[in-house]
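> Handing you this structure, nothing more for now.
The values are calculated or read from the model by the stated rules, or taken from the named source; none is laboratory data. From a predicted model like this one, the values you see are computed outputs, not experimental measurements. Here the Cβ is made from the backbone with ideal geometry for all residues, glycine too, and neighbour counts use every protein chain on show.
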Amino acid sequence: MFNRIIAFLYGVACYLAFLAAFLYAIGFIGNFLVPKSIDSGMQMSFMNALAINAALLGLFAVQHSVMARQWFKRAWSRIVPTSVERSTYVLFSSLALLLLFWKWQPMGGVVWDVESGLGRAALYSLYAAGWAIVLAATFLINHFDLFGLRQVWLHLLGRPYTQLEFRTPGLYRYVRHPLYVGWLLVFWSAPKMTLAHLVFAVATTAYILIAIQFEERDLIRFHAEYAEYRRRVPMLVPFNTARQSESSAKPGAQRA
């Protein structure tokens, strides 16, 4: 029982780390309320800043993608108990994000700057909508399973973990990846787009499009009905009836 309590407390701590990274990200990307944002800090040479930022983005991309693959999970579960495997993934992802926020370098230069009050309000509204969609998308499937809390709770009760069924609730009926739609709105809805913000937006968008390919392959492997779902439902653009190329985040079709 003691080990179960420790595992549960560990899972809660990992979730709190995610929550801290999530809340800080709102201010970091939006350039408000936080001590260090995407455009704040001492400015170094462009190439040095680009190299550091690229390394930080690459570290997060590798960690976030590799630890989500099935072959890694199988190897990792020999070291980390299965009850806390998801929580550990959440912890590592949160730490990689917090490191990125801490060491990110401004790069100067302005790509666009919307001066119209109405235009700025519209972009901030899209920014807020993006965060709302991200959060809503996690709850439409199972927020607590996605971030490891369901796993440690079942373990605490001594119940076996059961995989969630394939479902397509709410937003998942219109796009396969509302979670990623939300992130794209967050990354690109900037009244003032600097070079640093542009590098961040381009890199994270590229990561999303690549990650979708790997994640959908896993989903098809685990859920036979996903292939038909992918054929019927657009990837990212609602009401797009054209056949989509392979892709996926963590749809209401459940994570792999």
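> Is one or more of the residues making up the range 55-71 of a type in the set (G, A, S), assigned to a loop (DSSP other than H, G, I, E, B) and modelled with pLDDT under 90?
yes
> Given Q151, Q163, which one is surrounded by fewer than 18 Cβ atoms within 10 Å (Cβ to Cβ) and either touching a Phe, Trp or Tyr at 6+ places or on another chain (Cβ under 9 Å) or of a type in the set (K, R) (or both)?
Answer to the selection: Q163.
> State all residues of the range 13-37 that are loosely packed, with under 14 Cβ neighbours inside 10 Å and assigned to a helix (DSSP H, G or I); if no residue qualifies, say none.
Passing the criteria: A13, L16, L19, A20, L23.
> For R120, all conditions in the list (1) farther than 26 Å from V175 by Cβ; (2) in contact (Cβ under 8 Å) with a residue 24 or more places away in the chain; (3) within 15 Å of the chain's Cα centre (by Cα) hold save one; what is the number of the exception?
Evaluating R120 over (1) farther than 26 Å from V175 by Cβ; (2) in contact (Cβ under 8 Å) with a residue 24 or more places away in the chain; (3) within 15 Å of the chain's Cα centre (by Cα) leaves (3) as the failure.
> So L95 fits all but one of (1) buried (at least 18 other Cβ atoms within 10 Å of the Cβ); (2) under 30 Å from M1 (Cβ atoms); (3) in contact (Cβ under 8 Å) with a residue 40 or more places away in the chain; what number is the exception?
(1)
> Checking S40 against (1) assigned to a loop (DSSP other than H, G, I, E, B); (2) surrounded by fewer than 15 Cβ atoms within 10 Å (Cβ to Cβ); (3) of a type outside the set (D, E, K, R); (4) in contact with a helix residue (DSSP H, G or I) (Cβ under 8 Å, 6 or more places away or on another chain), which test does it fail?
Of (1) assigned to a loop (DSSP other than H, G, I, E, B); (2) surrounded by fewer than 15 Cβ atoms within 10 Å (Cβ to Cβ); (3) of a type outside the set (D, E, K, R); (4) in contact with a helix residue (DSSP H, G or I) (Cβ under 8 Å, 6 or more places away or on another chain), only one is false for S40: (4).
> I've got another one for you. Go through (1) in a loop (DSSP other than H, G, I, E, B); (2) farther than 22 Å from L100 by Cα and name the single condition A190 misses.
Of (1) in a loop (DSSP other than H, G, I, E, B); (2) farther than 22 Å from L100 by Cα, only one is false for A190: (2).
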